[in-house]
1. Could you name every one of the helices (runs of 4 or more DSSP H) located completely within region 145-235 that has at least 2 residues being within 19 Å of residue 93 (Cα to Cα)?
2. Among the numbered criteria (1) at pLDDT 95 or above; (2) over 15 Å from the mean Cα position of the chain (by Cα), which single criterion is violated by residue 235?
3. Of all residues being in contact with a Phe, Trp or Tyr (Cβ under 7 Å, 6 or more places away or on another chain) and of a type outside the set (D, E, K, R) in region 174-187, which is farthest from residue 202 (Cα to Cα)? Just the residue, please.
4. Output the qualifying pairs, or none if there are none: Cβ atoms under 6 angstrom, residues six or more apart or on different chains, first residue in region 211-222 and surrounded by 13 or more Cβ atoms within 10 Å (Cβ to Cβ), second residue of a type in the set (Gly, Ala, Ser).
5. Which strands (runs of 3 or more DSSP E) sit wholly inside region 42-129 and have at least 1 residues that are closer than 18 Å to residue 152 by Cα and in contact (Cβ under 8 Å) with a residue 24 or more places away in the chain?
6. What tally of residues in region 68-83 results from selecting those that are more than 25 Å from residue 186 (Cα to Cα) and either basic (Lys, Arg) or out of contact with any helix residue (DSSP H, G or I) (no Cβ under 6 Å at 6 or more places or on another chain) (or both)?
7. Against the condition more than 21 Å from residue 66 (Cβ to Cβ), of a type in the set (Gly, Ala, Ser), at pLDDT 95 or above and in the same structural domain as residue 111 (by TED's automatic domain parsing), how does residue 170 come out, does it pass?
8. Quick check, is residue 184 modelled with pLDDT of 95 or more, of a type in the set (Asp, Glu), buried (at least 20 other Cβ atoms within 10 Å of the Cβ) and within 26 Å of residue 27 (Cα to Cα)?
Amino acid sequence: MEKKELMYEGKAKIIFKTADEDKVIVKFKDTATAFDGKKKGEIEEKGLLNAAISAIFFKLLEEKGIPTHFVELITVDEMLARKVEIIPIEVVVRNIAAGSLVRRLGFPEGEALEHPILEFYFKDDDLGDPLMNEYHIFGKKLATAEELEVIKKMAFEINEVLIAFLKEKGIELVDFKLEFGRDDNGKIYLADEISPDTCRFWDSETNEVLDKDRFRKDMGNVEEAYREVLARLQD
């Protein structure tokens, strides 16, 4: 499908209009950022790797009855997607203690959580994407109570599907970020991406990091980790 004018460019993706007003083209970038954009760099072929990985996850979730914005890959790094209004809430699901959960609340790094933890962050770069609760969401009129219940239910369902799928691939789903959008009829869809940019993936046996933490922490072998994830998902 032919790309039309640019709609939006973010840190990791560019969105273009198409001739179909209900569809957009999402181009995945090789640019990498961390720490609210303070650290920047390039990860070779990150765009095509994240596009391919996200497509696998979206197809899997669609098969399990979870609506996503994914339609199809049209090039190696471009995805045709349903046009949705992104709800400015980052939904984070945590299964194993890592990152800010350790820093904020003192959980031991790597501790398996008895129950998944669900967190909301206000999607606003200028404010540093702050943590918020449901009362903040309602106060800011970001989503209705009914929409938030749908989002929470979908997030936990997505978590269950991904944990089971990744276990078979020798990968632990430590935590991950989701974004959701609504169409013109108010239906909620999973949007954005699911990739090593938005998830923490650890090798099930060695705990080797297979995600963007390798870039954040200057661990090296970033491209190799992304390729390893894709290879395992395709196996």
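1. Qualifying helices (runs of 4 or more DSSP H): 145-168.
2. Just one mismatch for residue 235, condition (1).
3. Looking at the filtered set, the residue picked out is 181.
4. 214/225; 215/32; 216/34
5. 89-96, 112-122
6. Selection size over region 68-83: 3.
7. yes
8. No; evaluated as a whole, the condition is false for this residue.
The values are calculated or read from the model by the stated rules, or taken from the named source; none is laboratory data. On a predicted model such as this, the values are computed, not experimentally measured, just so you know. Every residue, glycine among them, receives a Cβ derived from its backbone with ideal geometry; neighbour counts consider all protein chains shown.
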